[in-house]
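Here the structure comes first, spelled out in C-alpha cells, and everything after it is commentary.
The values are calculated or read from the model by the stated rules, or taken from the named source; none is laboratory data. Keep in mind that what you see is a predicted model, and the values were worked out from it rather than measured. With ideal geometry, Cβ positions are generated from the backbone for all residues, glycine too; neighbour counts draw on all protein chains shown. Heavy atoms of the whole protein, side chains included, go into the accessibility calculation; ligands, DNA and RNA do not. Shrake-Rupley method; radii C 1.70, N 1.55, O 1.52, S 1.80 Å.
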Amino acid sequence: MRSSNPVFSRRGFGRDNGYAGFNTAPQAGGPAVATQANPYAQPTGNPYAQNPYAQQQQYGAPPQAPAAAGRMTIDDVVMRTATTLGVLVVAAALSWALLPVDDANISRSYGIGIGAALIGMVLALVQSFKRKASPALILTYAAFEGVFLGVVSSIVDNRIADGAAMQAVIGTMAVFAGVLVAYKAGWIRVNRRFYGFVMAAALGFILLMAVNLLFAVIGGGDGLGFRSGALGVLFGVIGIILGACFLALDFKQVEDGIAYGAPREEAWLAAFGLTLTLVWIYLEFLRLISILNSD
C-alpha cells in the first residue's frame, strides 16, 4: 500500500516495499496466518526473518525485536528527523533574512522561493521513487524547501498577518504532539480501513485543489473559491486534519519498521516522510491564517 505522490508516499515500511504492513503478522520466513484478531492477513513474509529475535506475536502484532547492530531504532529516527528539520529551519531563516519582501524586492524574492519549491518537489519525487534512502538527497530537499518556506512565511508575516509564521509553527507543533499522544494512548487505530479512508480523502482533496488552481489560471481570481472565504477556511481545516492523519500513518510505519528490524538507513525515509507531513501541516496553517486575516 503506497502512493507514488511525494507527499503521501510512505516508502520503506509498506507491504509492497517488503516491510511491515497494517495488521499483518507474518511468521518468521513464512506466510501470514489469518486469525480472528487479524482476518485480513495476506501471504507475505518477514524480510528480516534471519533476525533470531523476530518471533511471532499474538493478536496480529508485529514481532518485537530488541535493538541490534545495523537495525533502526527510535533514536535513529529522532536524530535523522531532527537533522532534516534543522536543515529546513536554517534554510528558512536565511531566506527570511536575505530575501526581503518589500515592494522593491518582493517579485525577485517570490521568484526565488517558487524556484526553490519546484526544485524541492523534483527532489522529493526522485527520493520517492528510489528504492533506498539517500541522505544527501533528503537534506538537499530540506534546504530548498526551507528557502521556499522562508520566503512564503516572510510574505504572509510582513504583508498579511503579523505573527502568522509563529502561529503556524505553534499550530504544527500542537498537532504533532496531539497526534503522538493520541496514537500512543491507542485512541487512533491505524489499520487498512484507516489507511484507505485517508488516502481516498487526500486524493479527493488534491484533485479539488488542482481543479481550483486550473480555474484560477484560466479565469483569474481564486478559481472556484476553495482557497478564500468560508470555503477556504473549511478546506484549510480539512487539510490540517489530513496532515494529522498522515502523522498517525508515519508513527505506525516507524513503529512497524523498528519492530521488524528494518535497516538503520531506513530511518532517513522515516525522517523524510515526517518532514513532508509537517511541511504540509505548516503550509495549511499558514494558508488558513492568511484567509482569516484577509477576510
Tally Lys/Arg at +1 and Asp/Glu at -1 over every other residue whose Cβ is under 14 Å from the Cβ of Ser95; what's the total?
-1
Hey, what D do you get for the range 203-295 in µm²/s if you plug the Kirkwood alpha-carbon radius into Stokes-Einstein at 37 °C and 0.692 mPa s?
221
DSSP loop chymotrypsin sites (Phe, Trp or Tyr not before Pro) in the range 149-223 with at most 11 other Cβ atoms within 10 Å of their Cβ, which ones?
Trp187
What distance in nm lies between label points placed 7 Å from Cα along the C-beta direction at Asp75 and Ala201?
3.6
Neighbour net charge for Ala82 - beta-carbon separation under 14 angstrom, K R +1, D E -1
-1
Shape call for the range 137-266, from the Cα gyration tensor axes a ≥ b ≥ c (a/c under 1.5 means rounded, otherwise prolate when a/b beats b/c, else oblate), comes out prolate
Any residue on another chain or 5+ positions along whose placed amide H is under 5 Å from the amide H of Arg71 is listed here as Arg264
Carbon and sulfur: what percent of the range 138-295's accessible surface (1.4 Å probe)?
71
Accessible surface, per residue, of the range 183-274 when the full set of protein chains is kept, probe 1.4 Å, Å²:
45
